[in-house]
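Engineer: Starting off with a structure, shown below.
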Amino acid sequence: MHPMLTALAAATPSPSPTGPNPTLVTPGAVGFTIMLFVALIAVLLVWDMMRRIRRGRYRAQVREELDAEQAESGDAEPRG
């Protein structure tokens, strides 16, 4: 059994297999343009998301400061 497998493995198939046609499997200029567009959109989305998160954090910080000032002024005033 082993000599048959060795003979089959050593045999060169006819016709010899070739790789895929590079013009059919490479993305080319169109693929590069599309990937560049997708990458640009991803960067812009991340930038916008970070801007919105930062804005929300600043609003929460200002709201906390205003609440603290209001609580201090309410406690400092004599009640009647």
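The values are calculated or read from the model by the stated rules, or taken from the named source; none is laboratory data. These figures come from a predicted structure and were not determined experimentally. All Cβ positions, glycine included, derive from the backbone under ideal geometry; neighbour counts span all protein chains shown.
So that you can scan it fast, the table gives a plain yes or no per residue for (1) at pLDDT 80 or above; (2) surrounded by 10 or more Cβ atoms within 10 Å (Cβ to Cβ); (3) not in a helix (DSSP H, G or I):
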{"site": "Ala7", "(1), (2), (3)": "no, no, no"}
{"site": "Thr12", "(1), (2), (3)": "no, no, yes"}
{"site": "Ser16", "(1), (2), (3)": "no, no, yes"}
{"site": "Ala29", "(1), (2), (3)": "yes, no, no"}
{"site": "Phe32", "(1), (2), (3)": "yes, yes, no"}
{"site": "Phe37", "(1), (2), (3)": "yes, yes, no"}
{"site": "Ile41", "(1), (2), (3)": "yes, yes, no"}
{"site": "Leu45", "(1), (2), (3)": "yes, yes, no"}
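Engineer: Could you please let me know if Thr23 is surrounded by 10 or more Cβ atoms within 10 Å (Cβ to Cβ), assigned to a helix (DSSP H, G or I) and not hydrophobic (A, V, I, L, M, F, W, C)?
Structural biologist: no
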